[in-house]
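Single-structure report; data block below.
The values are calculated or read from the model by the stated rules, or taken from the named source; none is laboratory data. No experiment lies behind these values; they were computed from the predicted model shown. For neighbour counting, all protein chains shown are included, and Cβ atoms are generated from backbone atoms with ideal geometry for every residue, glycine included.
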Amino acid sequence: MAPPTLTPDLPLAILGAGPIGLEAALAAAQASLPFVVLEAGDEVASHVADWGHVHLFTPWSMSVSPRMRQRLATRGLAPPNDDECPTGDALRQRVLLPVATDPSIAPHLRLGTRVVSIGRQGLLKHQEIATAARAARPFRLLLETAEGEEILLAGAVLDCTGSWSSPHRLGDGGLPAPGERRLEDQICRRIPDLVRDATDWVGRRILLVGGGHSAQTAARDLAQLATEHPATQILWALRDERPQFAPLVDDPLPARRALGEDAARLFAGGCPSLAVRTGVVVEALAAHDGAIHATLRGPGERTETVTVDRIVSLVGATGDASLYRQLQIHECYATSGPMKLAAALLGAAGGDCLEQTSHGVEALRSPEPNFFVLGIKSYGRNNTFLLRVGWEQVDEVIAELASVG
């Protein structure tokens with residue numbers, strides 16, 4: 001039994017209208033494959049809008065795919081191709097929104113359409129394990145819109161939903177800290193926009209948790225705010241006892257090098273309004289008298305309770321795997337990425353993101369035929385993803401789907 005041929009009634013379903021989802025849509029259009037793009041947000045690249053004030057590490061020359069650049073050029077909309085690092089807003093306005101309005105994409109784009117779950121028509125998860133009979137059944141997608149719920153049938157699915165929807169929790173072992181769920185509306189899980197939302201942060205006591213690039217960016221921005229408004233106080237809590245912020249030797253990305261230098265300076269006491277705690281986890285959170293009381297547990301099981309007004313949690317994120325719980329997806333037990341790709345990445349022993357390359361369509365396959373996870377979600381907890389890798393993944397998978405009709 002052959003896999004279903006992609007048709008207007010059984011299109012390629014592309015989940016997410018972010019950078020990789022739109023790249024996949026362009027590639028599908030070029031390959032004359034029928035497709036639909038399903039975007040949960042009310043606008044294209046809604047997650048990019050969340051961090052629109054933040055500059056990318058990569059310059060324009062590395063942030064726009066050749067396919068998007070060429071397509072926009074035909075409409076007289078070519079974005080810059082220089083060494084300046086765009087903000088998320090600039091990338092969205094100059095590239096992603098124009099791509100979404102392209103005549104080859106716009107008719108196939110459904111905004112405000114959330115994919116709730118994906119299965120196989122007439123089959124349960126445990127039936128027809130990786131068989132041709134399973135491949136012959138269409139995918140069945142439960143969609144949620146403002147009008148209600150509906151079913152969409154698809155011949156193939158590309159999950160390009162990214163990692164933003166499932167931020168990690170603050171507590172030890174990756175669990176929510178006691179009290180964390182009740183205080184969700186007082187926890188910021190993105191890099192705050194301290195210009196647009198200045199009144200929410202000026203003069204506040206802020207607990208920043210996390211040590212990666214996003215947390216370092218927030219620390220730098222908050223320290224600058226505190227320099228201008230000394231009543232603002234920041235406590236930076238890091239899980240590592242000896243965090244390393246030293247930039248790479250001869251880092252080819254100047255913006256990344258500068259961030260590492262700034263983070264190291266702040267860690268060493270470069271801002272009087274910013275204090276640091278290392279080797280700590282959030283033990284518990286509680287609200288009282290309009291403030292948050294955060295208990296931190298550090299070395300030797302010593303605890304410290306601090307009183308703050310806001311919490312910025314930047315401890316990472318992993319894509320939402322609940323979408324495909326009814327499919328036969330082999331997921332890595334350590335990284336939560338698709339198993340074959342996770343194994344390839346672990347075998348490559350990491351390295352700088354600029355050294356990453358796609359590992360081929362075979363590494364993207366799962367036991368579920370014609371279902372692929374692409375983009376940053378495919379890397380799971382591995383943080384070396386680069387946009388260029390996503391573009392290569394799209395090329396490989398669309399070529400595969402086009403070869404079988």
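Results, tabulated for the structure shown:
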quantity: Total residues in the range 269-297, condition over 24 Å from Gln244 (Cα atoms), of a type outside the set (Gly, Ala, Ser) and not in a strand (DSSP E or B); calculated: 1
quantity: Matching residues in the range 333-351 - criterion: being under 20 Å from the mean Cα position of the chain (by Cα) and assigned to a loop (DSSP other than H, G, I, E, B); calculated: Tyr333, Ala334, Thr335, Ser336, Gly337, Gly350, Gly351
quantity: Filter pass, Leu194 being in a loop (DSSP other than H, G, I, E, B) and not basic (Lys, Arg); calculated: yes
quantity: From Leu6, Leu38, Leu26, residue being hydrophobic (A, V, I, L, M, F, W, C) and within 14 Å of Val99 (Cα to Cα); calculated: Leu26
quantity: Pick from the range 226-241, criterion touching a helix residue (DSSP H, G or I) at 6+ places or on another chain (Cβ under 6 Å) and either assigned to a strand (DSSP E or B) or of a type in the set (A, V, I, L, M) (or both), ranking: farthest from Asp309 (Cα to Cα); calculated: Trp236
quantity: Single match in Glu392, Glu368 (criterion: charged (D, E, K, R) and assigned to a helix (DSSP H, G or I)); calculated: Glu392
quantity: Residue within the range 373-385 that is touching a Lys or Arg at 6+ places or on another chain (Cβ under 8 Å) and either surrounded by 18 or more Cβ atoms within 10 Å (Cβ to Cβ) or under 28 Å from Leu6 (Cβ atoms) (or both) present; calculated: no
quantity: Test: residue in the range 82-91 that is under 23 Å from the mean Cα position of the chain (by Cα), at positive phi and in the same structural domain as Leu141 (by TED's automatic domain parsing); calculated: no
quantity: Test: residue in the range 307-323 that is exposed (fewer than 14 other Cβ atoms within 10 Å of the Cβ), at pLDDT 95 or above, more than 30 Å from Val116 (Cβ to Cβ) and among the β-branched types (Val, Ile, Thr); calculated: yes
quantity: Residues being among the basic types (Lys, Arg) and in a loop (DSSP other than H, G, I, E, B) - total across the range 310-332; calculated: 1
quantity: Residue among Gly360, Gly337 that alone is at positive phi, of a type outside the set (Phe, Trp, Tyr) and outside the structural domain of Asp200 (by TED's automatic domain parsing); calculated: Gly360
quantity: Selection count, the range 363-399, where residues are within 28 Å of Gly119 (Cβ to Cβ) and either polar (S, T, N, Q) or not assigned by TED's automatic domain parsing to the domain that holds Gly119 (or both); calculated: 5
quantity: Helices (runs of 4 or more DSSP H) contained entirely in the range 1-69, each with at least 2 residues that are at pLDDT below 95 and under 15 Å from the mean Cα position of the chain (by Cα); calculated: 46-50
quantity: The range 371-389, residues that are part of a helix (DSSP H, G or I), farther than 9 Å from Glu23 by Cβ, in contact (Cβ under 8 Å) with a residue 60 or more places away in the chain and in contact with a Gly (Cβ under 8 Å, 6 or more places away or on another chain); calculated: Ile376, Lys377
quantity: Test: residue in the range 210-220 that is at pLDDT 95 or above, more than 23 Å from the chain's Cα centre (by Cα), within 30 Å of Asp83 (Cβ to Cβ) and not in a strand (DSSP E or B); calculated: no
quantity: Filter pass, Asp102 being in contact (Cβ under 8 Å) with a residue 40 or more places away in the chain, more than 23 Å from the chain's Cα centre (by Cα), assigned by TED's automatic domain parsing to the domain that holds Gln393 and part of a loop (DSSP other than H, G, I, E, B); calculated: yes
quantity: Among the candidates Val116, Val202, residue that is modelled with pLDDT of 95 or more, surrounded by fewer than 17 Cβ atoms within 10 Å (Cβ to Cβ) and assigned by TED's automatic domain parsing to the domain that holds Val276; calculated: Val202
quantity: Of the criteria (1) touching a Leu at 6+ places or on another chain (Cβ under 8 Å); (2) assigned to a loop (DSSP other than H, G, I, E, B); (3) under 25 Å from Ile376 (Cα atoms), which one Leu158 fails; calculated: (2)
quantity: Residue tally, condition part of a strand (DSSP E or B), without any contact (Cβ under 8 Å) to a residue 40 or more places away in the chain and under 16 Å from Gln326 (Cα atoms), over the range 117-147; calculated: 3
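Residues checked against (1) loosely packed, with under 15 Cβ neighbours inside 10 Å; (2) more than 30 Å from Thr58 (Cα to Cα); (3) touching a helix residue (DSSP H, G or I) at 6+ places or on another chain (Cβ under 7 Å):
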{"site": "Leu96", "(1), (2), (3)": "no, no, yes"}
{"site": "Ser104", "(1), (2), (3)": "yes, no, yes"}
{"site": "Thr145", "(1), (2), (3)": "yes, yes, no"}
{"site": "Leu158", "(1), (2), (3)": "no, no, yes"}
{"site": "Cys188", "(1), (2), (3)": "no, no, no"}
{"site": "Ile191", "(1), (2), (3)": "no, no, yes"}
